[in-house]
Amino acid sequence: MIDGFLKKTDPELHGMLVNEDERQESNLEMIASENFVSRSVLEAYTSTLTNKYAEGYPGRRYYNGCDHADAVETLAIERAKKMFGSGFANVQPHSGAQANMAVFLAFLQPGDTFMGMDLSHGGHLSHGSKANFSGKYFNVVSYGVRKEDARIDYDEVLKKARETKPKLIVAGFSAYPRTMDFAKFREIADDVGAVLMADVAHIAGLIVAGEHPTSIGNAHITTTTTHKTLRGPRGGLILSDTEEHNKILNSRVFPGVQGGPLMHVIAAKAAAFGEALTPEYKSYMKRVVENAKVMADTFMGRGFDVVSGGTDNHLVLLNVGSRDLTGHAAANAMDEVGITANKNGIPFDPHPPTITSGVRLGSPALTTRGFGKDEFIRTANLICDLLENMEDPGVRQSVKAGVKELSSAFPMTHFRL
Ligand SMILES: *Cc1c(COP(=O)(O)O)cnc(C)c1O
């Protein structure tokens, strides 16, 4: 955090922000959808572009004075295209959910049918949950994973698609630890004449670094967030390959669902995309995947049940229900010792989403912090110690001490050079 004006002008707010700095410093961040941005991304984020209205697109704005905003947005677009090898990019969506909303509005009318992964099987709220606009305005058909191996059953997806004839199919997830087969999804989409939208919010960084097969070329449209594995500011991004799709998507983002773009965020996206194009980022993502694997192996070595028997990506879904715990209790106990994660439903979970039987753990943030395999093995063992001795205050103390040792050994300044 920048320690300048705010301390003098608004000590109350400044104190709160310093508390958050300290929380991030002292805790082990294992929420799979979080990461730590570089100082450079943070600097772009706090630029004076936040003052600028730039409704429209580069060269076609409703306001004057957009020369520099145009340059910044064009840079972000060019870098996004280069990162993914896609023909077109829209860098304006305020978030992942807004990116998805724009795509739905481009290809669906209210009441139309689309298909998405069931939230309780690893899908996202914006893929048709009843609590979300996507589930309120459209007819949603959900697909899930097989009970035996917790993997997507593509034959079942095809069967359901043939039965229900969706206009659009969403291939994407927030809590699926396995590789997603975009080519298979495209075959299914073609079979029923649907548009295929890949939502790679979680795995965008893996795709950019070649650690997961790309959706580009298979999906007609790809959406993503920019703040998860991509390690940029909070925001969304839409990628497409044809001029026609690009045109309609641009119009659905603005003026369809948004007003003025957050130009300071777009500057921060450009900074993050620049970083994601470096060899260092590629090696970072490789370590993210390796670290998630050793974490899963450590849990299984200690006799814990890991959903699907391991991981191919950056996340591990731990089934604590098999140890007679709830996700709610496990995540809260972890929080108490300084390990931040989230309770998460597991496929066929007997508990409701507020309780759950699982904990979702990700490797991106701690890998950014500098954790290697040894530290992930140690962290996973600390979690096992804690979960095996939920009622033992002595164990809780020693796990807490272990967390402190690890967080102190990898200060946040480490990677912010
Ligand atoms: C995180 C996520 C989103 C939504 O991102 P927000 O920026 O929080 O709106 C959308 N889709 C998937 C698959 C996600 O994991």
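Nothing in this text is a laboratory measurement; each read-out follows from the coordinates by a stated rule. Keep in mind that this is a model prediction, so the values were computed, not measured. For neighbour counting, all protein chains shown are included, and Cβ atoms are generated from backbone atoms with ideal geometry for every residue, glycine included.
Couple of notes before you dig in:
- Kyte-Doolittle mean at least 0.0 and Cα axial length at least 18 Å: DSSP H helices in the chain: 263-276, 373-388
- Amide H contacts of residue 219 (H built 1.01 Å from N, in plane; Pro and chain starts excluded): no residue 5 or more places away or on another chain comes under 5 Å.
- FRET efficiency for residue 400 and residue 13, using Cβ-Cβ distance with R0 set to 25 Å, rounded to 0.05: 0.25
- Residue separation of residue 133 and residue 68 scaled by 0.36 nm, minus their Cα-Cα distance, works out to 19.9 nm of gained length.
- Prolate/oblate/rounded call for the stretch 134-206, Cα gyration tensor, a/c under 1.5 rounded: rounded
- Calculated mean residue ellipticity at 222 nm for the chain: -13500 deg cm²/dmol, from DSSP H runs with n ≥ 4 weighted as -39500 (n - 2.57), summed, divided by the residue count and rounded to 500.
- Note on residue 332 and residue 20: their simple-model spin labels are 2.5 nm apart, each label 7 Å out from Cα toward Cβ.
- Listed cross-link partners 165/228; 247/269; 286/400; 228/269; 81/247 are compared with a 23 Å cut-off, the Cα-Cα value being larger for 165/228; 286/400.
- Stretch gain in nm, segment residue 146-residue 323, where the contour uses 0.36 nm per residue and the Cα spacing is subtracted: 61.5 nm
- Distance-filtered residues of the stretch 108-125 - backbone nitrogen under 17 Å, label point 7 angstrom along residue 165 Cα→Cβ: 108-115
- Among the GluC sites (Glu not before Pro) in the stretch 342-417, those located in a DSSP loop and surrounded by at most 16 other Cβ atoms within 10 Å of their own Cβ are 391.
- FRET efficiency estimate (nearest 0.05) - Cβ-Cβ, residue 247 to residue 351, R0 45 angstrom: 0.50
- The stretch 92-152: trypsin sites (Lys or Arg not before Pro) falling in loop per DSSP and having at most 12 other Cβ within 10 Å: 130, 147
- Inter-centroid distance (Cα atoms) of the stretch 241-281 relative to the stretch 84-128, Å: 15
- For the stretch 1-147: rounded, prolate or oblate by the Cα gyration tensor [a/c cutoff 1.5]: oblate
- Between 267, 365, 150, the Gaussian network model of the chain with springs among Cα atoms under 10 angstrom shows the greatest mean-square fluctuation at 150.
- Between the beta carbons of residue 112 and residue 392, assuming R0 = 60 Å, the FRET efficiency works out to 0.65 to the nearest 0.05.
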